[in-house]
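Novice: Dropping a structure here in structure tokens format, bear with me for questions.
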Amino acid sequence: CSTTQSVSQRLVLTNPSRLPQKFGFVHIPPEIRVEPNDGFGTLLPLETAAVTVFYSPLSATEFKSSLTCATTLNRTYDIPCTGHGISPALRFSETVITMGAVPVGQFVVHSVVCTNMSATSQKMEIALPPEATNVLHIRPLVATVEGHSSIRIEFEFRPKTVESFQPENPSDDGANVHFQVSRPDAVPGLVHPSHHEDDQSQPTKSEHSWSYALPSEPKSYHGTYNVLCFVDGCASQGPQSFRVNVSVIAPEISLKPDKIEFGQVAVGQTGVMKLQVINNSAIDLDMTMVPLHSVGPFSILNALRVVNAHGGLRTILVEFAPSAPLIFREDLVLQTARGDMRVSLHGEGVSPVLSITPADGKIHFKPVLAREKGYTEFSLLNSSLFPLKYTIKSLDNGTSHPNFNQTSVFSCIPNEASIPPGETQVVRATFSPDHERPTEYTTTFRVDVPNQTEDHVIVLQGRCWECQTYMLHPNASSPPPNEDVFELPLHVSTPLALADFVKKPPRLIQVEFGSEAHLQHVVIGSIGPQGDEGHAPSFSDGKSSTPTTFEVVFESGNGISLMEKYRKYFTLEPLKGTVSPGHETSLSIQFNPHVDEHESTNTSNTNAGSSELRILHWIRVTARVTLKGGYIPPVLGVVVSEQVVHLVLKARVLT
């Protein structure tokens, strides 16, 4: 037998005489223990009784002794006892574990230290009885203990129902599981004789005669589990065992709910739930708690006070404030004089999930007439399981250009709102410029969401024109000309006396080609009126909206001009056309540097004996585009019916 364990043998005593005999085991060695009553008892005539002899070796040596039983008939009996103590490789801090009594739904934990006494690694495995797998949990069940080291083994008892503790076969002494139910009736106490029916006629000696009765014992359930532990390589020693004693009692304190689930809560926000404590005992109970994690997300908002007896109720407010997008779990332990209670707290911190349509966040407005408004919409989808509050803020990074009165060109309505879970918020963006620019207006907005993990950026872009009809090279590679602060917009009225001194805004578009044949496009469009609901019949302030006609003509110089010589390299289509309000048309420009190859071939055949030097150089041709119709602001107080745009074509050719 292991020095940390005990083995037992059953010894049967029989009294064959006609007289009662008292017996007792005397001079017992320290390794031997006799139960019950320490080996003393009385046998009636012809009676048989059984005693259990336990052997607990004190050292790893061989044991030989005798067990002496003496009786009142002056007889002694010597019973030889032999055993052998073995020092186990694994030694446990305790092998008999008595768990605290807990009600159904709660749990109790007990720890045992396992130490490897040898210099080599030992593998162990703990085998649970099948009846204990649902209520008794041991961690770890399988482990390797290094030489001269220790590990902690945790026993957790968590009863779910009391049906599994009903005694089924109490006479089976060799079973690994034993169950017992406590006395369901009241424990009798001392009472006055006058309480008996036989003595009701006798007068009482005193009005204040002493009498008391013990309170009834609450019903409880008890169980014993024998758990075996096997060690690899120690087959000669046999398995070691644990005896685990457990008790289940009726709860005197109940909790509602027994588990608190906060679900998903946004990082930075808080969730509060109520926990009710009900006292079913006969006394008032002071309530305390084991402190929660100091930097954890769970906390108690109100003070813990006395819970009154006989159904008293106390409400506890539990707060969950996650600081990171993680899953949190912690046990709240409430302590009273009648036992501890555990409540499992669960919660998940999530980051806000906001998606923008369009996904890239870039929104382009239709061209807008100066001092008019353009409208478009984008949507914000809340994919979280909680309401999401957002704020749209402008990012002044130096790229936004304001109006002359320093107001913002773009605005979003609503710029602040709360989106319910799973719903979409439609945001209306407004473009209201008051002057034309050579480049488009651009403003960057950020959708600010509390504790967001990524920035949501929206870029609003739009062009503004003073005239309804415009001409634009969308794929211009050269940088736009710088804005001149001394230029006056077309809508600014100026006295006629200053007409010669006013600097007119240029109407010039340059299209540049290389030395290879290439096709480019220039857009001619007409701005359509826009209203709150989309298309509008007319502009504000009586501005007319009519279709536009255009005509393209190459400019000719005086006499023999190089410009006329280089026209043959460019082909423009169409040269005339009409554009309706709210539409655009494309003017195609084809550059062909090989148009004169046929002439060069004929010339080379005629002058075969001469050599020519050809040089690659830049050429420039200007086309005049006349736009008629549509709204044109008056210039210097004079109403103008048309506008002229100079289309400059540049390319490199060999001559």
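Novice: Quick check: pseudo-label points 7 Å beyond the Cα along Cα→Cβ at Thr120 and Leu228, how many nm apart are they?
Specialist: 2.3 nm
Novice: Once the range 322-387 is represented by equal point scatterers at the alpha-carbon sites, with solvent omitted, what log10 I(q)/I(0) does the Debye formula produce at q = 0.17, 0.28 Å⁻¹?
Specialist: The computed values of log10 I(q)/I(0) come out as -0.82, -1.16.
Novice: Want the number for Asp448 to Ala359: 0.36 nm per residue separation, take away the alpha-carbon distance, what's left?
Specialist: Full-extension gain reported as 30.4 nm.
Novice: Suppose R0 equals 25 Å; then what is the FRET efficiency for His27 and Leu73 from their Cβ-Cβ distance, rounded to the nearest 0.05? Walk me through the numbers on the way to the answer.
Specialist: Values: r = 19 Å, r/R0 = 0.74.
The calculated FRET efficiency here is 0.85.
Novice: Per 0.36 nm of contour for each residue apart, how much would the distance between Val595 and Lys259 grow if the chain were fully extended, relative to their Cα-Cα spacing?
Specialist: Numbers: separation 336, 0.36 × 336 = 120.96 nm, distance 8.65 nm.
Residue separation times 0.36 nm, minus the Cα-Cα distance, leaves 112.3 nm.
Novice: List the residues of the range 313-337 whose backbone N lies under 19 Å from a point placed 7 Å from the Cα of Val295 along the Cα-to-Cβ direction.
Specialist: Residues 320-331 fall inside that zone.
Novice: While we're on this one: Evaluate the distance, in nm, between pseudo-label points positioned 7 Å from the Cα of Glu551 and of Ala303 along their respective Cα→Cβ axes.
Specialist: 9.5 nm
Novice: Please compute the Cα-Cα pair-distance distribution of the range 218-355 with 5 Å bins starting at 0, giving whole percents from short to long.
Specialist: 2, 8, 15, 15, 12, 11, 9, 9, 8, 6, 4, 2, 0, 0
Novice: Can I ask one more? For Arg620 and Lys576, what does the FRET efficiency come to when R0 = 30 Å and r is the distance between their Cβ atoms, rounded to the nearest 0.05? Working shown, then result.
Specialist: Numbers: r = 24 Å, r/R0 = 0.79.
Computed FRET efficiency for Arg620 and Lys576 comes out at 0.80.
Novice: Calculate log10 I(q)/I(0) of the range 7-84 for q = 0.12, 0.15, 0.22, 0.24 Å⁻¹, where I(q) comes from the Debye formula with a single equal point scatterer on each Cα and nothing for solvent.
Specialist: -0.35, -0.52, -1.00, -1.15
Novice: Follow-up question, since we're still on this one. Computed over the Cα atoms, what is the radius of gyration of the range 354-465 divided by 2.2 N^0.38 Å, N being its residue count? Numbers along the way, then the final one.
Specialist: Numbers: Rg = 14.6 Å, N = 112, 2.2 N^0.38 = 13.2 Å.
With N residues counted in the range 354-465, Rg over 2.2 N^0.38 Å equals 1.10.
Novice: Taking only C-alpha pairs under 8 Å that are 6+ residues apart, what is the relative contact order of the range 354-465 in percent?
Specialist: On the way: 266 pairs, mean separation 42.4, N = 112.
This gives 38 percent for the range 354-465.
Novice: If each residue of separation counts as 0.36 nm, what is the full-extension length gain between Val648 and Leu385 once their alpha-carbon separation is subtracted?
Specialist: Details: separation 263, 0.36 × 263 = 94.68 nm, distance 5.84 nm.
My answer for the length gained is 88.8 nm.
Novice: Compute the signed sum of charges (Lys and Arg +1, Asp and Glu -1) over the other residues within less than 14 Å, Cβ to Cβ, of Gln461. Please report the intermediate quantities before stating the final value.
Specialist: Working: positive: Lys362, Lys366, Arg437, Arg463; negative: Asp360, Glu440.
Charge balance near Gln461 sits at +2.
Novice: From Cα pairs below 8 angstrom and at least 6 apart in sequence, can you work out the relative contact order of the range 253-350, rounded to a whole percent?
Specialist: On the way: 238 pairs, mean separation 37.0, N = 98.
RCO, the range 253-350: 38 percent.
Novice: How high is the relative contact order of the range 7-84, in percent, with contacts defined as C-alpha pairs under 8 Å that are six or more residues apart? Working shown, then result.
Specialist: On the way: 155 pairs, mean separation 27.4, N = 78.
Dividing the mean separation by the residue count of the range 7-84 yields 35 percent.
Read-outs throughout are calculated quantities, based only on the coordinates presented, and are distinct from any laboratory measurement. Owing to the predicted nature of the structure, the values given are computational and were not obtained by experimental measurement. Heads up, the Cβs are rebuilt from the backbone with ideal geometry, glycines too, and the neighbour counts pull from every protein chain shown.
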